[in-house]
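Let me begin by presenting the structure, written as structure tokens, before commenting on it.
Derivation of every value follows stated rules applied to the coordinates shown; laboratory data play no part. Worth saying up front: this structure is predicted, and the values here are computed from it rather than measured. Backbone-built Cβ (ideal geometry, glycine too); neighbour counts: all protein chains shown.
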Amino acid sequence: MSEEDGARLLGSLRTVEVPASDGVSVSRAIRTGKRAKSLRVAAAGALVLLVAGVVPLLIRPDAAPPPATAVTFDPSVRNISVGSVPGLKPETYTTERTAQKIALVGTGGQSAYVTVLKAGTIKPLPGDAVPDVNGKRAMRNDAYLAFEWEPGAWATVQVRGFPDNEDRARRLAESLRFDEQIKIKVTYTVQTSWELESVRDTRGNVELVFTNAVRLSVQRGVAVTQGGRASEAELDALKASVRLTNPPVTNPFR
């Protein structure tokens with residue numbers, strides 16, 4: 001027996017109560033000491049198991065990290081709109097992956113153009129700082145009025161043909177909304193595996209533009225394709241899949 005074992009055994013003996021009738025039983029004390037040692041070993045083992053089970057829980061993330069904020073628009077959803085500005089009326093809405101645009105027209109050749117860009121897409125040209133637009137920092141140059149509609153993302157407004165272009169550009173910028181979430185309605189459906197790049201909506205006449213630059217629209221009930229990087233056979237198959245819908249649908253890919 002080692003000195004360490006002996007010390008533990010003697011420690012157990014000190015805890016044994018001495019019966020009043022028959023004194024100390026050495027054999028019983030030894031059995032008690034061994035039993036106490038076994039309990040300590042078992043307790044230590046349970047502690048190791050407990051720690052082994054708890055530590056991984058402490059270092060494991062509570063939950064998966066949230067998905068990153070989307071850095072592109074959904075081309076099939078229009079997020080922006082403009083309020084009423086005298087002499088201007090929205091003509092065409094264009095929804096792209098990195099930008100959303102509104103082209104406006106006047107009654108005498110006047111025009112305006114709004115471009116809302118996603119963060120990191122483009123930085124405004126050098127210009128002069130001007131008063132904020134709805135609390136957002138703004139600048140102006142010879143081409144447009146620009147303001148930071150969300151951190152790192154800029155919107156530009158151009159107005160032409162009016163004697164007060166700058167004032168109208170500011171009114172147009174201040175009327176912009178960015179939370180519309182309007183699903184674009186299309187008067188036809190199409191079957192294709194091509195990915196949608198943008199949608200151009202001119203007074204309800206909708207043109208789809210795919211990532212291969214093919215443009216599809218329906219004119220007087222006939223499917224028309226323009227441009228792009230596709231074979232004649234692919235274009236013919238695309239046009240043949242087009243079906244008119246009444247009423248219009250918000251998902252043309254069926």
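How high is the FRET efficiency from ARG215 to ASP142, r the C-beta distance, R0 35 Å, rounded to 0.05? Numbers along the way, then the final one.
Working: r = 32 Å, r/R0 = 0.91.
In this case the efficiency is close to 0.65.
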Review point. Mean 1/r over all different Cα pairs, inverted: what Kirkwood radius does the stretch 77-175 give, in Å?
Key: 13.6
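Between their Cα atoms, which of LYS101/LYS185; LYS123/LYS183; LYS89/LYS183; LYS89/LYS185; LYS123/LYS185; LYS101/LYS239 are more than 24 Å away from each other? Don't skip to the answer; put the middle values down first.
Details: LYS101/LYS185 17 Å; LYS123/LYS183 28 Å; LYS89/LYS183 20 Å; LYS89/LYS185 20 Å; LYS123/LYS185 32 Å; LYS101/LYS239 27 Å.
Cα-Cα > 24 Å for LYS123/LYS183; LYS123/LYS185; LYS101/LYS239; rest within.
Report the charge-dipole magnitude of the stretch 184-249 in Debye, nearest 20, computed about the Cα centre from +1 at each Lys and Arg Cβ and -1 at each Asp and Glu Cβ. Walk me through the numbers on the way to the answer.
Working: 8 positive and 7 negative charges, 61 e Å.
Magnitude of the dipole: close to 300 debye.
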Check your understanding: What is the fewest-to-most order of LYS239, LYS89 by other Cβ atoms lying within 10 Å of their Cβ?
Key -> LYS89, LYS239
Study note, to complete from the structure: The answer for ARG137, listing residues at least 5 apart or on another chain whose modeled amide H is closer than 5 Å to its amide H, is GLU148
Practice item. Note down the nm distance, to one decimal, between modelled labels 7 Å out along Cα→Cβ at VAL224 and at LEU244. Key: 1.5
